[in-house]
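A.B. asks: Here it is, the structure in full.
The values are calculated or read from the model by the stated rules, or taken from the named source; none is laboratory data. Worth saying up front: this structure is predicted, and the values here are computed from it rather than measured. Here the Cβ positions follow ideal geometry from the backbone for every residue, glycine too, while neighbour counts run over all protein chains shown. Calculation scope for accessible area: heavy atoms of the full protein, side chains included, ligands and nucleic acids excluded. Shrake-Rupley method; radii C 1.70, N 1.55, O 1.52, S 1.80 Å.
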Amino acid sequence: MDEKTWIRSSSFRSANRKSKIQNRKLVGIIALVVTFAMCGVAAQAQQQAKKVPRIGFFEGATIAESQGIDPFRQGLRELGYIEGQNIFVEVVSMEGKPARIPDLIAELLRRKVDVIFTPTTAAAQAGTKAAPTIPIVVVLGDPLGSGLVTSLARPGGNVTGLSGFLELGGKRLEILKDALPSLNRVAVFWTSTNAPMEVQFKETEAAARVLGVKLQALEVRGPENFDSAFKSAIRERAGALIALRSPMLVNHRKQFLKLVEDNRLPGMYDDKNFVEPGGLMSYGTDRADLFRRAAVYVDKILKGAKPADLPVEQPMKFEFVINLKAAKQIGLTIPPNVLARADKVIR
């Protein structure tokens, strides 16, 4: 082989080696690109798999006066949820102002919540109208009567939860009559346009006829009505009062209870949150227990259950609470037989 031929052959072999090296580099680069792309897809899939659910908590009262947020969160913790890690709770409050409901529901939808929880009938109704596919868990006095479920056993739509059991109006009046045997006139503070209140008022009316007690219905739609309502109760010689629950009354319970004390009226309420700050007595469901149990519904829905298939639960725990300090302030002695029936006595 002459020198020129050898040089050409050597050059060809060198070029061939360079080409193979470049090809290997190209294959390596392509492999890296594919690997990074696969890692990106896997990371995205993993991120989607670990999507943290968001719960919309719609409060009727102000957040400061809420009687449900803490028990609800406790229920979630008992089920293994940790806020900020495997769940988010988005809290909004209508602050006792029903006109705010549509905007607040829209706000929860913008936050892309997976489930809405509310103890407010109007909010649940607005939620089903605005987002009929989003599950809604409720703690309501009358989910069936409000039209939110077709039956307690099979709700049939996107709403389920727990019933607050409204049929206690008669029992409250009966206890009040036992505590004040000579009682013949009771002022009922309520809002006639509130559907759950209407149910409670009718229950109280039925019991009043049996017990021989006359009711005085006093409309209170806001704190601006408190003074005139109390003046009317005193003028008509009411011997006691029954306050039917509403977000507005919860928001302004301190102001309301102050007027109760000033007017020396024995009062009956639906839960201990009015008695512990100074009310006389209450009989009703354990609301904290209801809110804790509501977290169980949220958990089931997040794990795939459909609201339509989750029966509405009836209350299982009731409480009768008496505040003896409040009784002493108005010069009232609670009969021993009534005191013995109390689940809790505040001394």
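A.B. asks: When the Kirkwood radius is taken over all Cα pairs of the chain, what Stokes-Einstein diffusion coefficient follows at 20 °C and 1.002 mPa s, in µm²/s?
C.D. replies: So the translational diffusion coefficient is about 91 µm²/s.
A.B. asks: Check cross-link reach from residue 51 to the lysines: straight Cα distance under 20 Å, and skip same-chain residues fewer than eight apart.
C.D. replies: Here the lysines satisfying the reach criterion relative to residue 51 are 112, 300, 303, 306.
A.B. asks: By how many nm would the segment from residue 90 to residue 205 grow when fully extended, if each residue of separation counts as 0.36 nm and the alpha-carbon distance is taken off?
C.D. replies: So the extension gain works out to 37.4 nm.
A.B. asks: Ranked by accessible surface with a 1.4 Å probe, highest first, in what order do 134, 242 come?
C.D. replies: Values: 134 30, 242 5 Å².
The ordering from most to least exposed comes out as 134, 242.
A.B. asks: Additional query: Can you tell me, using C-alpha contacts under 8 Å and at least 6 residues apart, the relative contact order of the chain as a whole percent?
C.D. replies: 18 percent
A.B. asks: Among DSSP bridges having both ends in the chain, what percentage is antiparallel? Round to the nearest 5.
C.D. replies: 10 percent
A.B. asks: Mind checking the full-extension length gain between residue 62 and residue 305? Use 0.36 nm per residue of separation minus the Cα-Cα distance, one decimal, nm.
C.D. replies: Extra length from residue 62 to residue 305 when fully extended: 84.4 nm.
A.B. asks: Then there's this: Evaluate the relative contact order of the stretch 127-213 (contact order divided by residue number), counting alpha-carbon pairs under 8 angstrom at least 6 apart; express in whole percent.
C.D. replies: 28 percent
A.B. asks: Relative contact order (percent) for the stretch 92-156, with alpha-carbon contacts under 8 angstrom and 6 or more residues of separation?
C.D. replies: Numbers: 59 pairs, mean separation 16.7, N = 65.
Averaging sequence separation for qualifying contacts and normalising by length gives 26 percent for the stretch 92-156.
A.B. asks: Do any trypsin sites (Lys or Arg not before Pro) in the stretch 105-187 lie in a loop, going by DSSP, with at most 15 other beta-carbon atoms within 10 Å of their beta carbon, and if so which?
C.D. replies: When the trypsin sites (Lys or Arg not before Pro) of the stretch 105-187 are filtered for loop state and at most 15 Cβ neighbours within 10 Å, 111, 112 remain.
A.B. asks: For residue 177, what charge total do you get from the other residues with a beta carbon under 15 Å from its beta carbon, if Lys and Arg give +1 and Asp and Glu give -1?
C.D. replies: Neighbourhood net charge equals +2.
A.B. asks: Now a separate question. Please state the shape class of the stretch 65-106: rounded when a/c is under 1.5, otherwise prolate if a/b exceeds b/c and oblate if not, all from the C-alpha gyration tensor.
C.D. replies: Oblate, because a/c is 1.5 or more while a/b does not exceed b/c.
A.B. asks: Right, next: Which aspartates and glutamates, on any chain, are close to residue 258 with Cα under 15 Å apart, when same-chain ones fewer than 8 places away are left out?
C.D. replies: Partners within reach: 224, 227, 276.
A.B. asks: What does the accessible area per residue of the chain come to in Å², with a 1.4 Å probe and no ligands, DNA or RNA counted?
C.D. replies: Here the residues of the chain average 51 Å² of exposed surface.
A.B. asks: Can you tell me how the stretch 158-225 classifies by the Cα gyration tensor, rounded, prolate or oblate, using a/c under 1.5 as the rounded cut?
C.D. replies: Details: a/c = 2.46, a/b = 1.38, b/c = 1.79.
Verdict is oblate for the stretch 158-225.
A.B. asks: How big is D, in µm² s⁻¹, for the stretch 100-236 by Stokes-Einstein at 37 °C and 0.692 mPa s if Rh is the Kirkwood radius over C-alpha pairs?
C.D. replies: My calculation gives 192 µm²/s for D.
A.B. asks: Calculated FRET efficiency, residue 316 and residue 340, Cβ-Cβ r, R0 25 Å, to nearest 0.05?
C.D. replies: E(calc), rounded to 0.05, equals 0.65.
A.B. asks: Leaving ligands, DNA and RNA out of it, report the carbon-plus-sulfur percent of the accessible area of the chain at a 1.4 Å probe. Write down the numbers at each step before the final one.
C.D. replies: Details: 9660 of 17840 Å².
In the chain, the share of accessible area belonging to carbon and sulfur is 54 percent.
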